1. Restricting the search to region 16-47, which residues are part of a loop (DSSP other than H, G, I, E, B), surrounded by 17 or more Cβ atoms within 10 Å (Cβ to Cβ), modelled with pLDDT of 95 or more and of a type in the set (S, T, N, Q)?
2. Filter region 129-148 for residues that are more than 26 Å from K97 (Cβ to Cβ) and small (G, A, S) and give the result.
3. Which of the residues spanning region 202-212 are open to solvent by 50 Å² or more (accessible area, probe 1.4 Å) and within 17 Å of I191 (Cβ to Cβ)?
4. From the residues in region 66-88 that are surrounded by fewer than 19 Cβ atoms within 10 Å (Cβ to Cβ) and either under 16 Å from C225 (Cβ atoms) or among the charged types (D, E, K, R) (or both), which one is modelled with the highest pLDDT?
5. Which one of these is modelled with pLDDT of 95 or more and over 24 Å from R222 (Cβ atoms): S173, S100, S119?
6. Pairs needed: first member in region 71-91, farther than 17 Å from I132 by Cβ; second member anywhere, open to solvent by 10 Å² or more (accessible area, probe 1.4 Å) and aromatic (F, W, Y); C-beta distance under 7 Å; at least 6 residues apart or different chains.
7. Consider L196 carefully, then state whether it is under 20 Å from N90 (Cα atoms), outside any strand (DSSP E or B), in contact (Cβ under 8 Å) with a residue 60 or more places away in the chain and within 18 Å of the chain's Cα centre (by Cα).
8. Having 2 or more residues that are of a type in the set (F, W, Y) is the bar; report the strands (runs of 3 or more DSSP E) wholly within region 73-185 that clear it.
Amino acid sequence: MSESISVGLWNANGIGSTLISDVLQHCSSFSLLFITETWLLSSSRLPTNWSQFHLYGTPVPGARNRGSGGVSCLVSPSCPFPVYQLPSPNAHTLSLKVGSLRIHCLYVSPSLSSDVFSSVLSSIPLHSNTIICGDFNARLGDVVGDSAVNTRGRLLLPWCDSHSFDILNASLSHGVPTWLGFRDNRELSSIIDLFLTNIPLPDLESPSISVASDLSLGSDHRLLCLSFSSFVLDSSAPPDSSGSSCHPRRLWNLSRLHEPEPRRLYSSTFASLSAPLLAQLADHVASPPALPPDID
């Protein structure tokens, strides 16, 4: 039996805590939402009951509580697949395991060199059933229906060919801009937010990409959603029966911690999920509340 998944993608140009509820109102059917260019700094959390995973940005000199870059993923409470964070292969990519899929979401600033862009691509582990998405700042011209090609596009196209990755924007949303802006009173557009996959297209059932062209959400990038059904997805993991979507129980086979990859995954997941608790405990130590907090 095939399963369905909807993967959202959006460049926020800085995500504020007050904005996230407005954004998620438009994502009620999504399984996951990847947000690029979050500007979030270490230990930041977004006020939502969606589970969240973060690749934090880097501090901006002279700007208080403001980062640059950063990638986050919010996972819907109704997502039917187990989601785990994998070690990031580079400083620009958030990597997750979703069922039997591996999804890598990246943001590569246009200010970075072509050599850095190439190294980011080459560092991503290419397992079967892989999706790579994000803001590549790569323009691919006629391949996706864009009006221009840039240096990154000339690097990305042969990389996709040599690694058997399909650019889904080319077949599912050809010619639909993902970035809209104005310069000198002229409307400009480009297609730089992309979905790539090495899953054979016949294995994707009813694939589609929707682009919310009329929805700005305070960013010049548009909200995208890739949806498909596929036999490669695996929802066989037992559902969370704890009654809490905010803190799902994660079960680990501790006998596998002698293996490097499970050990790295355990360490990175523990560090990510314990960060809010550590911050809360630090606040309680610094300013003890009048009443003891709920231990749960």
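The values are calculated or read from the model by the stated rules, or taken from the named source; none is laboratory data. Small disclaimer: the values here were computed from a predicted structure and weren't measured. Backbone-built Cβ (ideal geometry, glycine too); neighbour counts: all protein chains shown. Accessible surface areas use protein heavy atoms only, side chains included; no ligands, DNA or RNA. Shrake-Rupley method; radii C 1.70, N 1.55, O 1.52, S 1.80 Å.
1. The answer is S31, T38.
2. Hits for region 129-148 are G141, G145, S147, A148.
3. Scanning region 202-212 gives S208, S210.
4. Step by step, filter region 66-88, then rank; the result is S78.
5. One residue alone meets the criteria, S119.
6. L74/W50; V75/W50; S76/F30; S76/W50; P77/W50
7. For L196, the condition - under 20 Å from N90 (Cα atoms), outside any strand (DSSP E or B), in contact (Cβ under 8 Å) with a residue 60 or more places away in the chain and within 18 Å of the chain's Cα centre (by Cα) - is not met.
8. 179-183
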